[in-house]
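The values are calculated or read from the model by the stated rules, or taken from the named source; none is laboratory data. Everything quoted here is computed from the prediction, not taken from an experiment. Note that we place each Cβ from the backbone using ideal geometry, even for glycine, and neighbour counts take in every protein chain shown.
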Amino acid sequence: MHVRAGDGGAGSVSFRREAHVPKGGPDGGDGGDGGDVWLVADHNVASLLAFRDHPHRRATSGTHGSGHGRHGRRGEDTIVPVPPGTVVRRHPEGSVAADLSNPGDRWLAARGGQGGRGNTRFLSNSRRAPTFAEQGEVGEESYYDLELKLMADVALVGFPNAGKSTLISVVSAARPKIADYPFTTLEPNLGVVRYDGTEVVVADIPGLIEGASDGRGLGHRFLRHVERARVLLVLIDLGVDAGRSPAEQERILLDELERYDASLLDRPRLIVGSRSDLEEPDIGWPAAAARVSAATGTGVDAVIRDMIREVTDARRVIAAPAAGTVIHRPEPEGVRIERAADGAFAVRGRPAERAVAVNDLTNADALAYVQYRLKRLGVDRALARAGARAGDVVHVGGFTFTYEDG
C-alpha cells in the first residue's frame with residue numbers, strides 16, 4: 001500500500017489597503033492543513049483484495065490563505081477500511097507499524113502537512129510589518145506491506161472427500177489441490193466470495209474423522225481453524241460411495257464439534273448435501289433440504305446466497321467499535337543531533353526541519369525568524385552538547401548552515 005497525505009496550504013503575505021488607512025497592518029491568512037490518511041478496522045471488510053489492483057491511497061491538500069485574514073480550507077481526510085486482524089509493516093524493513101486487531105481500531109498512516117502561517121502571525125513589537133509567511137508543509141508519504149490474520153466468515157466442515165475443496169474452487173477464485181483420496185487437504189484453503197457487493201471469506205477445513213475432537217488423526221490441528229468462523233457450513237456427502245448415511249454423517253460431525261467446543265453449536269449453521277449429482281434415490285436426505293453439486297453447478301447460487309445472508313446477519317451482531325478500540329498515532333518528535341556521513345552534524349526532528357522547510361531563507365526577516373525558532377527549540381544547546389564548534393557544517397532538512405558559537 002502506498003499512502004500520501006495532503007500538503008498544507010501556503011500562508012499569505014498581505015497588508016490592509018483601505019482608504020484613510022495609510023499604514024494598514026498585516027492581514028495575511030493561514031493555509032489549511034493537509035488531510036490525513038487513516039486505516040480503520042471495519043468488520044464489513046473481509047479481505048485485502050482491494051489493494052491488489054489499486055494500492056494507492058491519497059488525501060487532499062489544504063488550500064492557500066489569502067488577504068483580509070482569510071484562512072485556507074483544510075484538506076479532507078481519507079479513511080481506508082481494512083479487515084480486523086490487519087497487520088501493517090513498514091516497507092521494506094518489515095517492522096510492525098500497527099496491529100488493527102479489533103473493529104474500530106484506527107491508525108494514522110500518513111499525517112497531512114501543516115498549513116503555513118500568514119504574515120499576521122509574525123506581528124510583534126519589534127516586527128511591525130512582517131514581509132514573510134510560511135509555505136505549506138509537504139504531507140507524509142510512505143509504502144507499507146499489509147498482512148491479514150484472517151478470521152474466516154464461513155468454515156466448510158465435513159468428512160474427507162465430501163467435496164469441500166471442489167465447492168470452494170467453484171464459489172471463489174481459490175485453487176485448492178483436489179484429488180479422489182482422503183486428506184488431500186492438509187491445511188485450510190481460503191477463498192473470497194464476492195456477491196452483490198458483499199465479500200465473504202470461506203475456509204475449506206481439512207476433513208474431519210470420527211474421534212477428531214480427541215485428537216485422532218490431525219483432529220485438533222483441523223478443528224482449531226473452525227473456532228473463529230462466524231458461520232459453519234456442514235457438508236453432508238450424498239454420493240453413493242460416501243460409506244455413511246446422511247443422518248449418520250450429520251450426527252457424527254455435530255458431535256465432534258460439540259465435544260471439541262460446545263459453543264460451536266450455537267453458531268449460525270447451514271446443513272447442505274454435497275455431490276448431489278451422485279445421489280441415490282431414497283438415500284434418506286429430505287427432498288426439501290439444500291443440495292449442491294460443485295461438478296454440475298446445481299444449487300451453487302442458492303448456497304452462496306444462504307452464506308451471504310447468514311454472514312451478514314452475524315456481522316450485524318458485532319457491536320460498533322467497542323470501548324477497548326485503539327487509536328495509533330506516531331509519537332511527537334523532539335530534536336536530536338546525529339553525525340552525517342560527511343562528518344557534519346545533522347539536526348533531526350520534525351519541528352526543526354519544518355521551521356527551515358516552510359520559510360523563505362532568502363528573506364532577511366524570515367531568516368531571522370528561523371534562527372529565533374531553532375534557538376527556541378533548543379537546537380543551539382543540542383549542537384553544543386554534541387560537540388559542535390564554530391565553523392562546523394550543520395544540516396537541517398535539505399539546507400546546510402555553518403555553526404557559530406553564541
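Annotations
- Residue count, region 68-103 (criterion: more than 17 Å from Leu146 (Cα to Cα) and either touching an Asp or Glu at 6+ places or on another chain (Cβ under 6 Å) or not basic (Lys, Arg) (or both)): 9
- Test: residue in region 126-134 that is without any contact (Cβ under 8 Å) to a residue 40 or more places away in the chain and not acidic (Asp, Glu): yes
- Residue that is farthest from Glu134 (Cα to Cα) [pool: residues in region 53-76 that are surrounded by fewer than 16 Cβ atoms within 10 Å (Cβ to Cβ) and of a type outside the set (D, E, K, R)]: His54
- Number of positions in region 387-406 that are in a loop (DSSP other than H, G, I, E, B), surrounded by 15 or more Cβ atoms within 10 Å (Cβ to Cβ) and out of contact with any Phe, Trp or Tyr (no Cβ under 6 Å at 6 or more places or on another chain): 2
- Restricted to region 259-308, and to residues there that are at pLDDT 85 or above, closer than 18 Å to Ala155 by Cβ and among the hydroxyl-bearing types (Ser, Thr, Tyr), the residue that is surrounded by the most Cβ atoms within 10 Å (Cβ to Cβ) is Ser274.
- Taken over region 166-189, residues that are modelled with pLDDT of 75 or more and either over 21 Å from Asp277 (Cβ atoms) or among the acidic types (Asp, Glu) (or both) amount to 0.
- Residue pairs whose Cβ atoms lie under 9 Å apart, sitting 6 or more positions apart in sequence or on different chains, and linking a residue in region 337-360 that is in the same structural domain as Gly387 (by TED's automatic domain parsing) and under 18 Å from Val138 (Cα atoms) to a partner that is assigned to a helix (DSSP H, G or I) and among the basic types (Lys, Arg), are Pro351/Arg373; Ala352/Arg373; Ala355/Arg373; Val356/Arg373; Asn359/Arg373.
- Applying the condition of being acidic (Asp, Glu) and at pLDDT 75 or above to region 223-242 and asking which residue is surrounded by the most Cβ atoms within 10 Å (Cβ to Cβ) yields Asp237.
- Within region 244-267, residues that are not assigned by TED's automatic domain parsing to the domain that holds Glu280 have Cβ atoms under 8 Å from residues that are in a helix (DSSP H, G or I) and modelled with pLDDT of 85 or more in no pair, counting only partners at least 6 apart in sequence or on another chain.
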